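Participant: What follows is a single structure, and I will ask about it in a moment.
The values are calculated or read from the model by the stated rules, or taken from the named source; none is laboratory data. Owing to the predicted nature of the structure, the values given are computational and were not obtained by experimental measurement. We place every Cβ from the backbone using ideal geometry, glycine too, and count neighbours over all the protein chains shown. SASA here: full protein model, heavy atoms, side chains in, ligands and nucleic acids out. Shrake-Rupley method; radii C 1.70, N 1.55, O 1.52, S 1.80 Å.
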Amino acid sequence: MRAADFVQSYFDAWNHSDPNAVVDHLDQGGVYCDIPANERHSGDDLIANLEDFFALEHNHYDLVGEVLATETTIAFQYMMSPVDENGEVRFGAEFMTLDGNGVVSIADYYDVAVRDHNYGAKSAAPKYAKSGLDDAQLACYRDKLLELMESQKIFLQADLTMPKLATQVDCSVNHLSQAINSGFSKSFFDFLNGYRIEEAMKLLSAGATQSQAILDISFSVGFNSNSAFYAAFKKATGKTPAQYRKEQVAGL
């Protein structure tokens with residue numbers, strides 16, 4: 001398959017919010033690297049991560065410019081536009097490394113950019129550059145996030161997205177991302193899922209809820225799919241929810 005056709009197929013997978021189709025573009029054992037979030041995902045872990053992402057984010061992806069390809073690499077730029085016209089357009093670039101006919105790694109670099117009427121980026125500055133967010137504002141946003149998560153428990157909302165959370169914090173999506181990254185050293189999804197997993201651990205440990213199905217618990221704490229819950233739970237605890245519950249029951 002020509003590089004341009006491969007990239008178009010890749011965009012189709014993202015535009016159809018199909019995690020399995022996205023992962024099918026990687027060779028077996030291949031990895032997807034989210035550079036700004038400093039995260040690496042492969043196989044089932046990537047599928048679960050994308051299921052969570054697609055459940056919360058609804059975007060359309062378009063190629064910007066031409067696809068550049070050699071025998072060992074494919075590179076292109078893209079624009080990610082929110083389908084509901086809320087939020088901000090993101091511009092990014094992906095670099096795919098090839099080994100034979102398969103893609104063994106995808107490195108995704110992206111920034112949050114301000115949308116103009118022509119869907120153009122007003123600035124190509126690195127993430128957070130010239131954001132105007134000082135230490136006092138960071139502390140304020142961090143305190144507001146803690147209140148929303150710990151007192152109001154809005155993480156239980158399955159449809160909670162970055163734009164929705166930014167509205168609650170009364171800041172831009174870019175400032176919210178910076179507040180989470182700088183204030184908690186986590187990506188948005190790790191920050192959100194951390195609270196969801198903590199809540200799930202309480203439910204799995206409670207003797208009165210031992211008969212409650214794990215699937216019901218995953219939905220009750222805000223996850224949109226069982227696979228995303230299992231992947232996040234194991235990432236946080238090193239155990240599956242069933243293993244964790246069994247250990248807790250044995251200790252009662």
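Participant: At a Förster distance of 30 Å, what's the computed FRET efficiency of Ala4 paired with Ile35, Cβ-Cβ distance as r, to 0.05?
Facilitator: Values: r = 23 Å, r/R0 = 0.78.
Calculated transfer efficiency: 0.80.
Participant: Please compute the per residue accessible area over the chain with all protein chains in place, 1.4 Å probe, rounded to a whole number of Å².
Facilitator: Heavy-atom accessible area per residue stands at 52 Å².
Participant: Further question: Leaving ligands, DNA and RNA out of it, report the carbon-plus-sulfur percent of the accessible area of the chain at a 1.4 Å probe.
Facilitator: Working: 6520 of 13030 Å².
Carbon and sulfur together cover 50 percent of it.
Participant: I've got another one for you. Consider a paramagnetic label point 7 Å from the Cα of Ala93 along Cα→Cβ; state which residues of segment 60-76 have an amide N under 18 Å from it.
Facilitator: What the label zone holds, given the 18 Å backbone N cut-off, is 62-76.
Participant: So what is the calculated 222 nm ellipticity per residue for the chain, using -39500 (n - 2.57) for each DSSP H run with n of 4 or more, over all residues, to the nearest 500 deg cm²/dmol?
Facilitator: Values: 10 runs with 112 residues, N = 252.
After summing the helix terms and dividing by residue count, I get -13500 deg cm²/dmol.
Participant: Relative to the present Cα-Cα distance, how much length would full extension add between Gln168 and Lys186 at 0.36 nm per residue of separation?
Facilitator: 4.6 nm
Participant: Which label marks the calculated value of semi-axes √(5λ) of the Cα gyration tensor in Å, given the options [x] 26, 22, 17; [y] 33, 25, 15; [z] 32, 18, 16?
Facilitator: For semi-axes √(5λ) of the Cα gyration tensor in Å, the calculated option is [y].
Participant: Please give the length that would be gained between Gln212 and Val83 if that part of the chain were fully extended, namely 0.36 nm times their separation in residues minus their C-alpha to C-alpha distance (nm, one decimal).
Facilitator: Numbers: separation 129, 0.36 × 129 = 46.44 nm, distance 3.64 nm.
The Gln212-Val83 span can extend by a further 42.8 nm.
Participant: If I take R0 = 25 Å and measure r between the Cβ atoms of Ala250 and Asp44 in this structure, what FRET efficiency does the formula 1/(1 + (r/R0)^6) give, to the nearest 0.05? List each step's numbers first, then the result.
Facilitator: Details: r = 27 Å, r/R0 = 1.09.
With a Förster radius of 25 Å, E is 0.35.
Participant: Gaussian network model of the chain, Cα springs within a sub-10 Å range: biggest mean-square fluctuation belongs to which of Gly102, Gly194, Gly65?
Facilitator: Gly65
Participant: Phe54: accessible area at probe 1.4 Å, nearest 10 Å²?
Facilitator: The accessible area of Phe54 comes to roughly 20 Å².
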